[in-house]
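Q: Here it is, the structure in full.
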């Protein structure tokens, strides 16, 4: 699954109807009126922005500006976290299909064999304490999801952390 599309889906789910209307209004100079009238969700709006190449996994400036205008600092924080964790790399910097498969297998094996010591493992793999804390707070009751998210964040930076494991 494309992490950027997953992020957009999450951002869309966080928008109220009023906020969607505000975003549509702010985008009227970028997207035609007829298209905007048909938009019923954030996903549809983001899809038009993607089609027109106004946003991309490595270019979220417009989204940050839109969210700032509608005063959704929490959504800006999600975008900044996405960028900080390295997901926002250019397409030519993404690992190939075989490398992604290998990374998924590595994640699965680690999840099956690491328990509460996942934080110690992440520290040894140079994941920052800030990222570890964010992951733990985002998934407070799900140890497996904490581990998966921390390993997924290791795929950032072209998979440098996971390459150390393989």
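Matching residues to (1) in the same structural domain as residue 100 (by TED's automatic domain parsing); (2) in a helix (DSSP H, G or I); (3) in contact (Cβ under 8 Å) with a residue 24 or more places away in the chain; (4) at negative phi:
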{"residue": "15", "(1), (2), (3), (4)": "no, no, yes, yes"}
{"residue": "37", "(1), (2), (3), (4)": "no, yes, no, yes"}
{"residue": "43", "(1), (2), (3), (4)": "no, yes, yes, yes"}
{"residue": "47", "(1), (2), (3), (4)": "no, yes, no, yes"}
{"residue": "65", "(1), (2), (3), (4)": "no, yes, no, yes"}
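Q: Which residues, taken from the range 122-141, are free of Cβ contacts under 8 Å to residues at least 12 places away in the same chain and surrounded by 12 or more Cβ atoms within 10 Å (Cβ to Cβ)?
A: Of all residues in the range 122-141, those free of Cβ contacts under 8 Å to residues at least 12 places away in the same chain come to 123-124, 128-130, 133, 137-141.
123, 128, 138, 139 - these are the residues of the range 122-141 that are free of Cβ contacts under 8 Å to residues at least 12 places away in the same chain and surrounded by 12 or more Cβ atoms within 10 Å (Cβ to Cβ).
Q: Given the criterion touching a residue at least 60 places away in the same chain (Cβ under 8 Å), outside the structural domain of residue 132 (by TED's automatic domain parsing) and surrounded by fewer than 17 Cβ atoms within 10 Å (Cβ to Cβ), identify the matching residue among 74, 61, 21, 29. Outline the logic, then answer.
A: Working: 61 fails: touching a residue at least 60 places away in the same chain (Cβ under 8 Å); 21 fails: touching a residue at least 60 places away in the same chain (Cβ under 8 Å); 29 fails: touching a residue at least 60 places away in the same chain (Cβ under 8 Å).
Step by step, each of 74, 61, 21, 29 is checked, and only 74 is touching a residue at least 60 places away in the same chain (Cβ under 8 Å), outside the structural domain of residue 132 (by TED's automatic domain parsing) and surrounded by fewer than 17 Cβ atoms within 10 Å (Cβ to Cβ).
Q: Residues that are at pLDDT below 80: find the helices (runs of 4 or more DSSP H) completely inside the range 73-144 holding 3 or more of those. Walk me through it before giving the result.
A: Values: elements: 73-84, 97-113, 118-124, 129-138.
Per the criteria, 97-113.
The values are calculated or read from the model by the stated rules, or taken from the named source; none is laboratory data. Since the model is a prediction, treat every value here as computed from it, not as a measurement. Because the Cβ atoms are built from the backbone with ideal geometry, glycine has one as well, and the counts that use them run over all protein chains shown.
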